[in-house]
Amino acid sequence: MIRVESTIAGIRQALGPHRGRGAVGFVPTMGALHAGHARLVEVAREQSSVVVVSIFVNPLQFDDPQDYERYQRNLDADVALAGKHGADLVFAPSAREMYAEEAQTFVEVQGLSEHFCGAARPGHFRGVTTVVSKLFHIIQPDLALFGEKDGQQLAVIERMVMDLNFPVKIVPVATVREADGLAMSSRNARLNAEERVTAACLYQALLRARELVAAGQKDPRQIRAQAGALLEVPGVQVEYFELADPKTIQPVAVAIPPVRAMGAIRIGATRLIDNLICT
Ligand code: PAF
């Protein structure tokens with residue numbers, strides 16, 4: 001039976017008997033769980049003796065207050081999904097529990113947060129790394145799982161763990177996709193039927209970039225122009241479509257594999273991101 005805790009003291013107490021008896025696996029989420037999260041929980045289950053899922057819509061990582069308000073919240077459905085895929089414990093604190101007083105301490109990874117989502121959403125990664133640090137201190141996991149769909153977030157967190165010596169192993173998990181290639185995301189539910197069909201263009205553009213790199217094209221401008229043409233679709237606004245060094249997440253001047261093709265688009269009010277490694 002899955003157990004839900006909403007306080008820091010409660011989750012610490014619930015984890016007490018598990019400490020030292022095998023790995024604590026941790027899947028941090030903002031809820032609105034889908035098949036991508038289910039896969040994270042399943043991988044955690046395979047590698048841990050106790051699996052904790054956190055469900056917390058973190059106000060600190062939203063640059064747009066309306067986006068924060070609109071974020072889907074459905075704790076019962078999320079707990080059911082987490083339990084079905086192997087979670088033992090859910091930590092679902094309120095914003096007041098996590099930030100009892102307005103935060104004066106932040107964690108920030110500099111270079112890796114500079115471009116792409118970092119440039120498009122000022123303060124976003126600072127919010128992510130601050131809350132993930134807090135969650136790591138609260139849960140004290142042995143391993144923590146993150147999806148590759150949020151490739152920049154994954155790189156930023158790996159760097160934070162290295163720089164701050166967190167005793168936690170970061171386990172990347174491959175992106176789960178819909179049949180047409182659209183990466184699973186909580187935001188997909190906001191797309192209407194027409195937008196949902198259009199949304200597959202992002203994956204198509206990333207695939208095209210990967211083909212071009214595999215065929216020996218090394219000029220990022222050529223790749224951006226040819227693959228990015230697939231995003232020239234009515235209703236789609238391109239936020240960025242770039243090739244980046246997979247480790248430093250800086251734009252590359254020459255596309256020598258491996259590079260990461262990264263894109264963010266807006267369809268109506270919905271922002272979608274995705275990436276593919278090009279080897
Ligand atoms: O990827 C997410 O859902 C969030 O950024 C995370 C890691 C749970 C931090 O709030």
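The values are calculated or read from the model by the stated rules, or taken from the named source; none is laboratory data. As the structure is a prediction and not an experimental result, all values here were calculated from the model. Backbone-built Cβ (ideal geometry, glycine too); neighbour counts: all protein chains shown.
For the reader, a short list of remarks on this structure follows.
- Checked against the criterion of being under 26 Å from His34 (Cα atoms) and not β-branched (Val, Ile, Thr), the candidates Leu112, Leu89 yield just one match: Leu89.
- So Gly228, is it at pLDDT 95 or above and either farther than 18 Å from Gln153 by Cβ or among the aliphatic types (A, V, I, L, M) (or both): yes
- Note on region 104-123: among residues that are touching a helix residue (DSSP H, G or I) at 6+ places or on another chain (Cβ under 7 Å) and surrounded by fewer than 20 Cβ atoms within 10 Å (Cβ to Cβ), the one that is farthest from Gln13 (Cα to Cα) is Glu108.
Condition check ((1) more than 11 Å from the ligand (Cβ to nearest atom); (2) in contact with a strand residue (DSSP E or B) (Cβ under 7 Å, 6 or more places away or on another chain)) across all residues:
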position: Val90; (1), (2): yes, yes
position: Tyr99; (1), (2): yes, no
position: Cys117; (1), (2): no, yes
position: Pro122; (1), (2): yes, no
position: Ser133; (1), (2): no, no
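- Taken over region 135-144, the criterion of being within 10 Å of the ligand (Cβ to nearest atom) and either free of Cβ contacts under 8 Å to residues at least 60 places away in the same chain or out of contact with any Ser or Thr (no Cβ under 7 Å at 6 or more places or on another chain) (or both) is satisfied by Ala144 alone.
- Sub-6 Å Cβ pairs linking a first residue in region 35-57 that is more than 17 Å from Ala77 (Cβ to Cβ) to a second residue that is acidic (Asp, Glu) and away from the ligand (no atom under 15 Å from the Cβ), at least 6 apart or interchain, are Val50/Asp88; Val51/Asp88, ordered by first then second residue.
- Any hit, region 17-27, residues being under 24 Å from His124 (Cα atoms), within 13 Å of the ligand (Cβ to nearest atom), in contact (Cβ under 8 Å) with a residue 60 or more places away in the chain and in contact with a helix residue (DSSP H, G or I) (Cβ under 7 Å, 6 or more places away or on another chain): yes
- Verdict on Phe146 being within 23 Å of Arg45 (Cα to Cα) and at pLDDT 95 or above: yes
- Any hit, region 61-84, residues being within 11 Å of the ligand (Cβ to nearest atom), among the polar types (S, T, N, Q) and touching a residue at least 60 places away in the same chain (Cβ under 8 Å): yes
- Number of the exception - Arg126 against (1) surrounded by fewer than 20 Cβ atoms within 10 Å (Cβ to Cβ); (2) not in a helix (DSSP H, G or I): (2)
- Qualifying residue in region 227-245 (condition: closer than 30 Å to Gly25 by Cβ and within 16 Å of the ligand (Cβ to nearest atom)): no
- Candidates Val53, Val41, filtered to the one that is among the aliphatic types (A, V, I, L, M) and closer than 17 Å to Asp150 by Cα: Val41
- The residues of region 2-37 that are modelled with pLDDT of 95 or more, on the phi > 0 side of the Ramachandran plot and surrounded by fewer than 19 Cβ atoms within 10 Å (Cβ to Cβ) amount to a single one, Gly22.
- Test: residue in region 131-145 that is within 25 Å of Gln250 (Cβ to Cβ) and part of a loop (DSSP other than H, G, I, E, B): no
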